[in-house]
Amino acid sequence: MEQILRNILDNDFFVYGIMGIVPLVWIVPYALFAIWLERKISAHMQDRLGPMRTGGWHGWSQTIADMLKLLQKEDIIPAAADKTLFNIAPYIIFVSAYAAYAVIPFSSGFIGADINVGIFYIIAVTSLAVVGILMGGWASNNKWSLLGAMRATAQIVSYEIPSVLAVLAVVMIAGTLSLQEINNLQTGWFWNWFVFQKFPFVFVAFIIYFVASLAEVNRVPFDIPEAESELVAGYVTEYSGMKFAMFMFAEFVNMFAVSAVAATLFFGGWNSPFGEFLSGPIWGVFWFLSKGMMLVSVQMWLRWTLPRLRVDQLMYVSWKVLTPWAFACVIAVGFWMML
Amino acid sequence: MTSQEIHEKIKLQFPAAVLESKTEGVVDPFIKIAPEYVADVASFIRDNEELGFDFLMCLSGIDYGKGTLGVIYNIFSMKHRHKLNLKVEVPKDKAEVPSVSLIWNTANWHEREAYDLMGIIFIGHPDPRRILMPYDWEGHPLRKDYKTPEFYQGMKVPY
Amino acid sequence: MMRKYFIDIYKTIWSILIGMRITFGHLFVPAVTIQYPDVKPKLPERARNRLYVNMDDCIGCLQCEMACPVNCIEIETVKSLPTDDLGTTSTGQKKKLWVTKFDIDIAKCCFCDLCVYPCPTECIKMTDVYEFSEFDRNNLLYNFVTLTKQEVETVKAKAAEFEKEQAAKKAAAAAQAKAAPVVAPAQQSPPAQPS
Amino acid sequence: MAEISEEIIKTSTGTTLRHEEMVINMGPQHPSTHGVLRLEVVVDGEIVIDVIPHIGYLHRCFEKHAESMTNYQQVVPYVDRMDYCAAMNMDFGYVLAVEKLLGIQVPERVEYIRVIMAELQRIASHLIAAGTYGLDIGAFTPFLYMFRERERILDLFEMTCGARLLYNYMWVGGVSHDLPPGFIDKAKDFCQYFRPKIKEYNDLLSYNEIFIKRTANVGILPKDVAISYGISGPVLRGSGVNFDLRRDDPYSIYHKFDWQPEIGKGEVGTVGDCWDRYMVRMREMEQSINIVEQALNQIPEGNIASAIPKRIRPNPGDVYVRTESARGELGFYVISDGSGKPYRIKARSPSFVNLSVIPEISRGGMIADLVAIAGSLDIVLGEVDR
């Protein structure tokens, strides 16, 4: 018996499976919490209260109730839709969002896979979402969905460039692509964080990365793929029930993923801001998650403040503003390092 | 310009067109012209320097009963800030009035509305479709002798 | 051209920061939401909601029915007999008609207040009750008549009888004008009192 | 119906590509058509080639209803429902028309009350217009701030006449209720409270660079086109035409107040673009506050019921009366045949006319621009379809 247990525990695939599921332990409560938080933040910014009834205290269980409702809803597939593509699209989007968590270091002691091309891997898998979005938009056989999907594709592909360039500035300083190592380089007090190094170039790079990541996860002011006042709901127009929930879920998962990457690259990841104070693997999780949530909150804050850009302006921002500035940062950081 | 002068001017230009002109004893002074002259009068009063009626405020179709329909043009001049009420009367069985929608773009939709609800046909209208009622509706509801149909496409109308 | 580019970037960032300051400030402004079923706002005195008819005061003058632009009020009246005492309204007016039907289809009502204005005894009025949704549309047809069905029947029958008698009387009187007078006093019983 | 052009393009590799325009139905159920408006849009990718509006989904034939009423007063609730965002302005136009037909003069206090109500309603309506415009552009928060302010105006209305949306407040010859005690103080409080709010909205939305980029130089409506299409109200003034019926064709007692119409100046773009139209509304709110404050200070005491006629029987005749509603020139053409019933009422609704210009100014823009243009015209479908 013990032997069998030992065999199972020694089995690599079992360990991989466990490691694969562990992020879900964070992601599922996080997504439910983040949706609730977004409602609350938006409500209080607009002098409202937001959900107050479900579950008692400030409607804390509203999103759980919503999820249960979405689970029970009829799964409608439009008659004219391409059924296979329509069905797999949400999963592809979710997988691409979730796969990024494999290399995100939650603390010094926990990382799914400490591969030496971690950041490169994240950039690669998150761009897979484009495939899912295009698939969903095309398969819905709805003109609004199609327009939304086309917009999303153009947007995500073009915003990858400034975001990668901004990341490159950090990678140049760190000299590594491994996220865990990048974290180790920022240990100590908060002025060791990369965002405060080579000031202001890395700081500008952070702004560029943050703006570009907003576009990559389709948040305001770059939410034009699902612009509800123009395209009804963009590529999710025809989705309902659990498939819609998958899109929603993927969006929030993605929001945290890009925030986590930003926290890792620019804000020291799991490092405590105060040197040795409250540091260690357990507190590391706390610091990492709070930094990530901080950035998620800023994303929400922006969403409830700003209007939406137009398609051509979106392209303008990417190609004529962010990309040149990102290049300038990379070059400036390079020169600084040569000095 | 007073209404009297405006009416005089139109009379001078189109002696045959003016049927009646009233400036006193009514709430709003009006001038009634023969239907076939509407487009000519309209383009004259718009382009004439002194009149300059460039703003069509309202165009209404009216069922006078007794077998006549009417169209009323309430026109205003942005330049000179004076008004003119133009009336036209046509028999119901031959309710045709020249369109003025190329003279004032406002008239485009108003004439469509008058056609839709009153059944007045505007000759030369660029887009003579119904506007408020469904495209396959029968009859013109604002006529005084209009009877509500019982069914519209199999649906009971007075539900 | 280049200058405009930088000015645009500056303006964008600056206006975004201003906007963010405003929305952040509003996080600390108390919410204006009213938690409706728990907290109910006090309606002003003139609130126009559900109609109510005080049948004790109604004299069946049909003014409100005439004033209604959507015909949601339906009233039927029957003449009372000269010997009936229907009482008086609170304004002291003598009631002369049996109101046998006073229906308001509140689903049709447009809450315009036009029926309240002409009422001579101020018996129809708008109240501040606004929670009256129903699952069945028929429940929104309100009957305000205080007479029971039976009473309505009797009243109607009596009125018809009286009418007939009056007609007979008239005929008789007409005949009498020609011939000898014959008087036939009508037998009457007091009408059922509305409960 | 829309015509679609199709062409075959030969690529350099010798294969052929079919290039075709696409027809999209924007509406009748669409988040940014402000009701049940259907725009049949021919697009080439994101570029709008043509727009064909289809209206009538909310058609109730108000004019037929009016003819079947038993008296003139009963029409007022129907008039309310034309422009449900500015019902007071609707009432005002209608009762003025009937009063002119009757030839009666209302007491001065009634005039003041009407002006106060109409201007408060104009603010409320412009708040909706600006708020939903922000919504169209993607900014959600200003919308709720503006609705909060509007709520205070509705509270004032509810206090006065008991209704919050469809007031039936202005009657032929007067108003249904006198001002309630405490109204004047409350209204003054509101004016004081509201002034600084306008600045906040301007900071948050009007001068936000993204908002400017979305609306400036979009949907430019030149002066002459606007006049030819009979455009009126804030849309016309946004095109730089200094024309306001309250000043240029004065009715009621507007000549007694010190205010001026706001016109579009093209500060951030071209005169007559969406931003100008939007900004005219924002500035008009300030002017309306001015008028309300002056009226509240000057309002005389008096009896308001004296002029309400018991029976409304105008002499045979017809009248066209126009007023400046929140959306532009609201005209009522009323014909009386001498009986107690209106013989024919035709409403010239500003939204109906303003909407007709949409194909003209949205061609060549993008779908997002079409949304911005439709929002800046500020149409209310209840009034378009009547």
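Each reported figure results from applying straightforward, stated rules to the coordinates on display, with no laboratory input. Just so we're clear, the structure is a prediction, and the values are computed from it rather than from any experiment. Heads up, the Cβs are rebuilt from the backbone with ideal geometry, glycines too, and the neighbour counts pull from every protein chain shown.
Overview of results
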item: Global size of segment B:1-54 as Cα Rg and Dmax, reported in angstrom; result: 10.7, 30
item: Taking chain D and dividing mean pair separation by its residue count, relative contact order in percent (alpha carbons under 8 Å, at least six apart); result: 25 percent
item: Most mobile listed residue (C:Pro30, C:Pro41, C:Pro69) in chain C, GNM with C-alpha springs under 10 Å; result: C:Pro30
item: Alpha-carbon spread of segment D:282-386, three principal axes, descending order, Å; result: 56, 41, 17
item: Gyration tensor (Cα) of segment A:100-247, equivalent ellipsoid semi-axes in angstrom; result: 34, 17, 12
item: Long-range amide H partners of B:Leu69 with built H, under 5 Å; result: B:Tyr64, B:Val90, B:Lys92
item: ³J(HN,Hα) computed for each position of segment C:21-33 - Karplus, 6.51 cos²θ - 1.76 cosθ + 1.60, integer Hz, glycine/proline x; result: 5, 5, 5, 5, x, 6, 4, 9, 8, x, 6, 9, 4
item: Convex hull volume per residue for segment C:51-150, taking Cα atoms only, in Å³; result: 103 Å³
item: Residue-averaged [θ]222 nm for chain A, counting only DSSP H segments that reach four residues, each worth -39500 (n - 2.57); result: -21500 deg cm²/dmol
item: The protein assembly as shown - convex hull of alpha carbons, volume per residue in Å³; result: 261 Å³
item: Percent of beta bridges antiparallel (DSSP, segment B:17-131, rounded to nearest 5); result: 80 percent
item: Projected area, mean over directions - chain B, Cα convex hull, nm²; result: 10.3 nm²
item: Under the Karplus curve 6.51 cos²θ - 1.76 cosθ + 1.60, θ = phi - 60°, whole-Hz ³J(HN,Hα) for segment D:269-286, x wherever Gly or Pro sits; result: x, 9, 4, x, 8, 4, 5, 4, 4, 5, 6, 4, 5, 4, 6, 5, 4, 5
item: Equivalent-ellipsoid semi-axes of segment A:1-130, from the Cα gyration tensor, Å, largest first; result: 33, 23, 19
item: Note, ³J(HN,Hα) from phi for segment A:171-188, Karplus 6.51, -1.76, 1.60, rounded to Hz, x at Gly and Pro; result: 4, 5, 5, 6, x, 8, 9, 7, 5, 5, 5, 4, 4, 4, 6, 9, 4, x
item: Two-decimal log10 I(q)/I(0) for chain C, as the Debye equation yields it once each C-alpha is a single scatterer, q = 0.10, 0.11 Å⁻¹; result: -0.65, -0.72
item: Chain A - convex hull of the alpha-carbon atoms, volume per residue in Å³; result: 165 Å³
item: 5 angstrom amide H check on C:Val70, placed H, neighbours 5+ away; result: none
item: Inter-part distance where segment B:16-71 and segment A:287-339 are each reduced to a Cα centre, Å; result: 64 Å
item: Unit Cα scatterers, Debye sum, chain D: log10 I(q)/I(0) for q = 0.07, 0.10 Å⁻¹; result: -0.33, -0.65
item: Antiparallel %, DSSP beta bridges [both residues in the protein assembly as shown], to 5; result: 95 percent
item: Fluctuation leader among C:Met126, C:Met55, C:Met20 - chain C, Gaussian network, Cα springs under 10 angstrom; result: C:Met20
item: Placed amide H near B:Ser21: partners under 5 Å, 5+ positions off or other chain; result: B:Lys32
item: Computed Kirkwood radius, in angstrom, where 1/r is averaged over Cα pairs of segment A:2-59; result: 14.5 Å
item: Loop-located GluC sites (Glu not before Pro) in segment D:164-273, at most 15 other Cβ atoms within 10 Å (DSSP); result: D:Glu267
item: Equivalent ellipsoid dimensions for segment D:103-257 as semi-axes, Å, which come from the Cα gyration tensor, largest first; result: 30, 23, 13
item: Loop chymotrypsin sites (Phe, Trp or Tyr not before Pro), segment A:177-207 (other Cβ atoms within 10 Å of the site Cβ: 12 or fewer; DSSP); result: none
